[in-house]
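Report on the following structure.
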Amino acid sequence: MNGERRIITSWIGYLILILLLFVGNFPHHVWCQNRPPPRKGKPRLSPLISNLFLGRFNKTVEQYQPEIEKEIGFCTQDVKKDFHGAFDFEGREQFFQNCQDKLKDLPTRLCTVSELRVYFTSFLKNAGEKKSVSQSHFLGPNRNCNLTSWSQGCEAGWASTVNPGQKYDYNETDPKKMPFRTTDSKPCCEGFFCPQGLTCMIPCPLGAHCPVAKLNQTTGICLPYHYQLPSGQKNYSCGSADMWVPVQMGNEIFCAAGYYCPTTIKKIQCPQGCYCRMGSRVKYRCFPGTKCDKGTEIPSMKVYGILLIALLTAILIVVYNCSDQVISTRYEKQAKSREEAVKYAREIQARQKSRAAKDASGWKPSGLQGIHQTLSRKFSRTKTKGSPSLPPSGPLGNKKEIRPLDDNTEVDKGLNLENGDKTKHERKASKELHTRSQIFKYAYGQIEKEKAMEEMNMYMSDVDVLRKRPRIEVAFKELTLTLKGKNRNIMRNVSGKILPGRISAVMGPSGAGKTTFLSALTGKISGCTMSGMILINGKNESIHSYKKIVGFVPQDDIVHGDLTVEENLRFSARCRLSADLPKADKVLITERVIEALGLQGVRDSKVGTVEKRGISGGQKKRVNVGLEMVMEPSLLILDEPTSGLDSASSSLLLRALRREAMEGVNISMVVHQPSYSLYKMFDDLILLAKGGLTVYHGPVDKVEEYFEGLGITIPERVNTPDHLIDILEGIIKPGGNVTAQQLPVRWMLHNGYRVPPDMLHLCDQNSSASPPSHEPNNKDQREVEKYNYFSTPDLSGRVTPGVFRQYKYYLGRVAKQRMRDARVQAADYLILLLAGACLGTMAEVSDVSFGYTGYQYTVIAVSLLCMIGALRTFSQDKLQFKRESASGMKSLSYFMAKDTMDLLNIVMKPLVYLCMFYFFSYPRSSFVSNYLVLLCLVYCVTGISYTLAISLEFSQAQLWSVLLPVVLTLVANQDKKSFASLVAKFVFPRWALEAFVVANSKEYNGVWLLTRCAALKKFDFDIHNSKKCLWYLVGTGVGCRVIAFINGAIEQKIQPFEVLKHW
């Protein structure tokens, strides 16, 4: 009941203005004031008078347009267009002619402005009282109809003429000055409606059907209307309609569904092959393929939905299949090119060996000539841009140009070495290679020559042959880590250095802080306070300044399981090597790593995930290491790279790392129980005791000598690291006059390091006579922390590809991942199809609310399903993103590529849903207008989903993705007087609902004007806010994407504006 009263109140002012304009424009100037009514000889109303009416109507609209827009602008998009749509009777004047024939004084029976004011003021008054809809059309007393004066014209469907000789003004607004109408009462003409309580007539709007009613003798009701004739008076008969109200209050004058009404007095049944909705003025031809019998209201459009779905499915299948076929064909061509290149390179190498053997049989080169031939091969370890700014790890010596042993230029391009200018000629040669075949021949030719020269130079120092990389020496002094809030040390007074060109193994029992130690060196430690000093190349600089040439291999195999081995390695090389490095050299580096790690047999196999089996665990571990090797680091940190590997795989990995160390790479790794052969491949050993105390830090070949000096002897046939770790674990007694607890103190005293005061009691008499003691330099500590975390200039000397170039690489990678995830995408589309079919069938688009309920369900369903689907965009590879961003790859490129690939889903998902919902419910608004709203909605909720996926754990993000659409839609649907309505205008379901309803309401014209205004007033919508709501949705989507990116950057400890550097 309250809703009905609100509806009545909402359209009162609107109807007053409409009819004020209508009556004021009627040709009443022909019979004004004292002029008598026309005589029989006068001509009837004609199209000329109708045109005159329209001309005055246009002038009046222009005069009152500001006032109209102020009062009812929320439901009229174009005042003239809307009013003409309701009262443009040009070509439809027949009801004027008929009424003029019946009532010669027609103009004097039309309501004036003052009578309309009384009529609608009574509506407004009754709306505040507790009355039903059936009582709401009774008016209050007025000058003509009251307790003392009630003429026949006061009855519903009846009207009277103005009393003769009376002066009045049609534009008078004062109810007290309305004209007296008490004479010549007659039934209202067809095409007009006459309210009960007034003695005047009002034309019915277009789209209405207002015939003269017929009396039901049994009930006394005038059908098709619902008013009754006064009892006891036999001279009464039924007139025309009695009121025009919104459809929810009464649909008697609306042209019935299944019919169309070209005029307000003519109703025609919809013919076969056409459909006619309620209130239609014309018939609409049914679409081909649909069946429309006579009197069809809404055609069945399900066949079009099914056809569109079939078309979309076919397109998606073709796209995915063709993409897979293109990728497979490309891989086959690459594999064929590689095989040909390998075969070609081996043939050339065989000819070179044969020629060298013939030459060797005839003469033997001198020592200098042998060295000269040795240097004729080259390892194409191309320097990165700007690398001369970092000091090399050793002199290379001068090399003269050597003619290659084979005359083939494709393979030997870039092999000639000139004195002091190798890199320039190498890059120039590799840049000339463009085709896949040329690049592979170049790469495999280089690799085969490297293998041959390795065999020929067994007795020559490799350090003199290999190209050196920029050196990074890391020194640390009294490094101490303390847990925040617990005052417990997890590492204490660790001092030493790790050197370029050497492999350092970090060993110790569980809980010794091995991983923590390496994480502190690379600046990846969190949750604790660090004191002491870390020096890079002897300077107090942050390791983050060198992150482009620092590789960190985590313990977990963080690789992309849906990519192949080669794709993972190639992508890392593209994004992390120097931007000016030719493509041929990047291919060479990638192929060299694949060869060194023994991954040739699985290069085209997917790595695999927990759910989908891929390559073996050992192979995955080697891929994990290879991701850092392909970027040619100067410092390489590995966390347990040999865990889970057999002895052969571990040996293969160590040989590859040994090769890296020969080029001057500083390598440190955490190792658990290595075999003796692997142990001997390390250069240095860092042995930690529980609590993060150093027991030994020095060369591997001096470990036994040092511990023998302490009285600890390694038994025969016992692995040295295993025996030492057992001592630190307390499993074996160390022997001699030292305990396991004293070993860290003995190392401090051996090197002259400061002994903490709480450990002085562990010093024995011989070694504690003068233990060094001094306080740590807290000032250095604070400066190091401030520099490390707040100032990170790029000192690596390497310029990697910019944002847009990496965006291109990321885009290609994400496209491959999406293609291989087609089943998940298909499941999303299938669920949307089912949701659209169910909601389109159950939630009918009602003419009363313009489909508000159906659209409400649509907003909830589409928002929920699209948000859950979009969570996978960023939640599934958080660890990979963290690793890549920490290595210096552009986070903005990653984010933009993910978002760009999601645009396909953003475009397709609304289309898939509407294929079912629209054609099953078939609202009056167009498919395009519904699609635009849904497109903006999906873009909005996808941005919100990004924020949830990046900021929360996956399970929590899923919960919020379900909760937000439902709760916010309920908030948007709250009553105006509730507290929740304060925020209702700022939630995305409100904007989507308003855009949907407004788009639908624009298709309701003519007799639907009052219904449109009543509905928009009820929902507090504005017909002008359609574009604004769409922009709000798009703006929210953009804003949430910005927030999501900033959150991701903050989580990875990246300055958000740093990504704008090096575009």
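Number of residues in the range 969-989 that are touching a residue at least 24 places away in the same chain (Cβ under 8 Å) and assigned to a helix (DSSP H, G or I) equals 3.
Among residues that are surrounded by fewer than 24 Cβ atoms within 10 Å (Cβ to Cβ), aromatic (Phe, Trp, Tyr) and either outside any helix (DSSP H, G or I) or at negative phi (or both), residue 996 is not included. Contact annotation: residue pairs with Cβ atoms under 9 Å, 6 or more positions apart or on different chains, pairing a residue in the range 814-827 that is farther than 13 Å from residue 877 by Cβ with a partner that is assigned to a helix (DSSP H, G or I) and basic (Lys, Arg), are 824/872; 825/818. Listed by first and then second residue, the pairs linking a residue in the range 287-313 that is on the phi > 0 side of the Ramachandran plot to a residue that is modelled with pLDDT under 80 and surrounded by 14 or more Cβ atoms within 10 Å (Cβ to Cβ), with Cβ atoms under 6 Å apart and 6 or more places separating them unless they lie on different chains, are 289/303.
One line per residue, one yes/no per condition, for (1) in contact with an Asp or Glu (Cβ under 8 Å, 6 or more places away or on another chain); (2) within 19 Å of residue 474 (Cα to Cα); (3) among the hydrophobic types (A, V, I, L, M, F, W, C):
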{"position": "640", "(1), (2), (3)": "no, no, no"}
{"position": "664", "(1), (2), (3)": "no, yes, no"}
{"position": "671", "(1), (2), (3)": "yes, no, yes"}
{"position": "692", "(1), (2), (3)": "no, yes, no"}
{"position": "696", "(1), (2), (3)": "no, yes, no"}
{"position": "710", "(1), (2), (3)": "no, no, yes"}
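Scanning the range 505-521 for residues that are in a loop (DSSP other than H, G, I, E, B) and surrounded by fewer than 21 Cβ atoms within 10 Å (Cβ to Cβ), we see that the one that is farthest from the chain's Cα centre (by Cα) is 509. The lone criterion from (1) in a helix (DSSP H, G or I); (2) in contact (Cβ under 8 Å) with a residue 60 or more places away in the chain left unmet by residue 321 is number (2). Pairs linking a residue in the range 586-612 that is closer than 20 Å to residue 800 by Cα to a residue that is in a loop (DSSP other than H, G, I, E, B), with Cβ atoms under 6 Å and 6 or more positions apart or on different chains, are 586/577; 588/380; 589/630; 590/630; 593/630.
Might you let me know whether the range 884-904 holds any residue that is at pLDDT 90 or above, closer than 28 Å to residue 971 by Cβ and not assigned by TED's automatic domain parsing to the domain that holds residue 522? Yes.
Could you say which residue among 823, 818, 782 is among the basic types (Lys, Arg) and modelled with pLDDT of 85 or more? Selected residue: 818, the only one of 823, 818, 782 that is among the basic types (Lys, Arg) and modelled with pLDDT of 85 or more. Across the range 853-897, the number of residues qualifying as crowded, with 21+ Cβ neighbours inside 10 Å and among the basic types (Lys, Arg) comes to 2.
For residue 142, the conditions (1) crowded, with 22+ Cβ neighbours inside 10 Å; (2) at pLDDT below 60 all hold with the exception of (2). Looking across the range 322-349, just one residue is over 26 Å from residue 604 (Cα atoms) and modelled with pLDDT under 70, and that is 349. Being over 37 Å from the mean Cα position of the chain (by Cα) and either of a type outside the set (Lys, Arg) or surrounded by 14 or more Cβ atoms within 10 Å (Cβ to Cβ) (or both) is the filter here; which residues of the range 288-309 pass it? Selection gives 288, 289, 290, 292, 293, 295, 296, 297, 298, 299.
Going by the conditions given, is residue 534 under 27 Å from residue 1051 (Cβ atoms), surrounded by 18 or more Cβ atoms within 10 Å (Cβ to Cβ) and touching a Gly at 6+ places or on another chain (Cβ under 6 Å)? For residue 534, the condition - under 27 Å from residue 1051 (Cβ atoms), surrounded by 18 or more Cβ atoms within 10 Å (Cβ to Cβ) and touching a Gly at 6+ places or on another chain (Cβ under 6 Å) - is not met. Across the range 700-723, not a single residue is classified as in contact with a strand residue (DSSP E or B) (Cβ under 7 Å, 6 or more places away or on another chain), aliphatic (A, V, I, L, M) and farther than 26 Å from residue 647 by Cα. Under the condition of being over 60 Å from the mean Cα position of the chain (by Cα) and either among the acidic types (Asp, Glu) or at pLDDT 85 or above (or both), the residues counted in the range 217-236 number 2. Of 740, 689, all but one fail to be surrounded by fewer than 23 Cβ atoms within 10 Å (Cβ to Cβ) and in contact with a helix residue (DSSP H, G or I) (Cβ under 8 Å, 6 or more places away or on another chain); the exception is 740. Exactly one residue out of 583, 539 is without any contact (Cβ under 8 Å) to a residue 40 or more places away in the chain and either assigned by TED's automatic domain parsing to the domain that holds residue 1051 or out of contact with any Phe, Trp or Tyr (no Cβ under 9 Å at 6 or more places or on another chain) (or both): that is 539. Can residue 913 be described as in a helix (DSSP H, G or I), over 15 Å from the mean Cα position of the chain (by Cα), in contact (Cβ under 8 Å) with a residue 12 or more places away in the chain and under 30 Å from residue 1022 (Cβ atoms)? Yes, satisfied. The residues of the range 536-555 that are part of a loop (DSSP other than H, G, I, E, B) and over 21 Å from residue 596 (Cα atoms), listed by number, are 537, 538, 540, 541, 542. Within the range 974-993, being within 23 Å of residue 935 (Cβ to Cβ), surrounded by fewer than 17 Cβ atoms within 10 Å (Cβ to Cβ) and not basic (Lys, Arg) holds for one residue alone: 986.
Every residue, every condition in (1) under 21 Å from the mean Cα position of the chain (by Cα); (2) modelled with pLDDT of 90 or more; (3) of a type in the set (S, T, N, Q), yes or no:
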residue	(1), (2), (3)
772	no, no, no
776	no, no, no
803	yes, yes, no
841	no, no, yes
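Scanning the range 276-290 turns up one or more residues that are in contact with a Lys or Arg (Cβ under 6 Å, 6 or more places away or on another chain) and part of a loop (DSSP other than H, G, I, E, B). In the set (1) crowded, with 20+ Cβ neighbours inside 10 Å; (2) aliphatic (A, V, I, L, M); (3) outside the structural domain of residue 516 (by TED's automatic domain parsing), the condition left unmet by residue 629 is number (3). Out of curiosity, is residue 847 outside any helix (DSSP H, G or I) and either farther than 30 Å from residue 899 by Cβ or not β-branched (Val, Ile, Thr) (or both)? Yes. Residue 201 passes every criterion in (1) closer than 20 Å to residue 1011 by Cα; (2) in contact (Cβ under 8 Å) with a residue 60 or more places away in the chain; (3) not aromatic (Phe, Trp, Tyr) apart from (1). Inside the range 955-990, residues that are under 21 Å from residue 942 (Cα atoms) and among the hydroxyl-bearing types (Ser, Thr, Tyr) make up a count of 3.
The values are calculated or read from the model by the stated rules, or taken from the named source; none is laboratory data. On a predicted model such as this, the values are computed, not experimentally measured, just so you know. Every residue, glycine among them, receives a Cβ derived from its backbone with ideal geometry; neighbour counts consider all protein chains shown.
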